[in-house]
Structures are given as structure tokens and as C-alpha cells.
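These notes are about the structure you will find just below.
Every number here is computed from the coordinates shown, using simple stated rules; none is lab data. In this text the structure is predicted, and so the values were computed from the model without any measurement. Reconstructed Cβ throughout: ideal geometry from the backbone, glycine too, with neighbour counts over all protein chains shown.
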Amino acid sequence: MDIGILRWDRRDGADRDQLGKAALAFCRAMRSSDGVHSARFYWANPDTVVVLTEADSSEVLYRQASPDLARATFALADLARQTGTESLFDARVAEATFRAAAT
């Protein structure tokens, strides 16, 4: 299982309540995607939300968005700037990648 971490920083003047609702809608849209096991958001500080998504693979995290996910992404982007992206790979996948590179 792979994990995607997205960091969103509130735009100046954006309402925090609306930001939280947009992050929740984004997570719901992510959860409706095939191969996604969970998607939740957390407040890192009063101006930053972090979305943590667990999926079958990194391909699931980075494939073309469904229309619902695209709408949720743009709604979130209207309120916050995506300032960080991180992917954490399952140890099995990382080892297989390392071994493939060694040949």
C-alpha cells in the first residue's frame, strides 16, 4: 500500500470553515476512486491542511482525476495553495524498484 501526502496552505482571506469543508469534499472524492482505501485531512496549524491518502499503488494516487475529484481539487485550490506533495511507498515496492535498478 502506498501513501500520498498533500499539504495545502490557506490563501489570504480564505475562510477556514470553507477550507475545511473543501478538504472534506476532496477526501470524499478521493475515497470514491477505485484503489483508494482511505483519504482524510488533518489541520497542521490554523492555516494548513494535510491530506493523507492510502491507496493500492502510486499509480492510483497519480492517475487522471475523475470529474468529481477534479471539481473537488479546483474547489480546494480556490481556497488554498498546494505547497507540498509526498509519496511513501510500501517497502516491498521500494525493494523491487531497487532490485530492478541493480540489474
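Structure notes:
- A cut-off of 5 Å between modelled amide H atoms, ignoring neighbours fewer than 5 places along the same chain, links S57 with D2.
- Label reach from W43 (point 7 Å along Cα→C-beta): in segment 70-96, amide nitrogens under 18 Å belong to 79-81.
- Residues listed by number, segment 1-32, amide nitrogen under 19 Å from A100 label point at 7 Å toward C-beta: 1-4
- Projecting the Cα atoms of F98, S33, L76 onto the charge dipole of segment 2-102, computed from C-beta unit charges around the Cα centre, puts L76 farthest toward the positive end.
- Within a Gaussian network of the chain (alpha carbon springs, distance under 10 Å), most fluctuating of L52, L79, L88: L88
- The ratio of the alpha-carbon radius of gyration of segment 16-102 to the globular-protein estimate 2.2 N^0.38 Å is 1.22.
- Gaussian network model of the chain, Cα within-10 Å springs - most flexible of T85, T73, T53: T85
- C-alpha long axis of helix 91-102 to longest principal axis of the chain, angle in °: 50
- Angle between the chain longest axis and helix 16-31 axis [Cα atoms, degrees, rounded to 10]: 30
- In this simple spin-label model, placing a label point 7 Å from the Cα along the Cα-to-Cβ direction at both R71 and L88 gives a separation of 3.2 nm.
- Length-normalised contact order for segment 2-102 - Cα pairs under 8 Å, 6+ apart - percent: 42
- Length gained when the stretch Q18-R63 is fully extended (0.36 nm per residue, less Cα-Cα span): 13.5 nm
- Against the main long axis of the alpha-carbon atoms of the chain, helix 67-79 sits at an angle near 60°.
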